[in-house]
Amino acid sequence: MKKMFKITSPEGLHARPAALLVTAVTPFDCDVQLTYKEKSVNLKSIMGVMAQGIASGSIVEISAEGSDAEKLFQAITEVMVSKGIGEEC
């Protein structure tokens, strides 16, 4: 399962929004990856997400595999929109 998101946070995916996303996905069992500029990192790794250097306006792909992937995407979308981090493309 995959979804694309446009990062709308003025600062991009810096420490605070990255931490919010990592916290949202950590309880889920499925494997989840964030891909930006053809480089993928584990979305459960705050250092991996921050190392991507994702700026405002960037498009990222989030992919997940596992039995709870659908619920994971509900959580990601809710955090993205409610915290002003991004929007679904």
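The values are calculated or read from the model by the stated rules, or taken from the named source; none is laboratory data. Small disclaimer: the values here were computed from a predicted structure and weren't measured. FYI the Cβ positions are ideal-geometry reconstructions off the backbone, even for glycines, and counts take in every protein chain you see. All accessible areas refer to the heavy atoms of the entire protein, side chains included, with ligands and DNA or RNA removed. Shrake-Rupley method; radii C 1.70, N 1.55, O 1.52, S 1.80 Å.
Screening the stretch 11-34 for residues that are within 11 Å of the chain's Cα centre (by Cα) and closer than 14 Å to GLU65 by Cα and picking the one that is surrounded by the most Cβ atoms within 10 Å (Cβ to Cβ) gives LEU34.
Screening SER56 on (1) out of contact with any helix residue (DSSP H, G or I) (no Cβ under 6 Å at 6 or more places or on another chain); (2) farther than 16 Å from THR8 by Cβ; (3) open to solvent by 20 Å² or more (accessible area, probe 1.4 Å) shows it passes everything except condition (2).
If you check VAL41, VAL25, VAL32 for being in contact (Cβ under 8 Å) with a residue 40 or more places away in the chain and over 16 Å from GLY86 (Cα atoms), only one passes: VAL32.
Here is the figure for the stretch 64-89: residues that are in contact with a Leu (Cβ under 8 Å, 6 or more places away or on another chain) and surrounded by 17 or more Cβ atoms within 10 Å (Cβ to Cβ) total 5.
If the condition is being open to solvent by less than 20 Å² (accessible area, probe 1.4 Å) and closer than 17 Å to GLU70 by Cα, then the stretch 35-53 contributes only LEU43.
Contact map, the stretch 65-89: first residue aromatic (Phe, Trp, Tyr), second residue loosely packed, with under 14 Cβ neighbours inside 10 Å and not in a helix (DSSP H, G or I), Cβ cut-off under 9 Å, separation 6 or more or different chains; pairs are PHE73/MET1.
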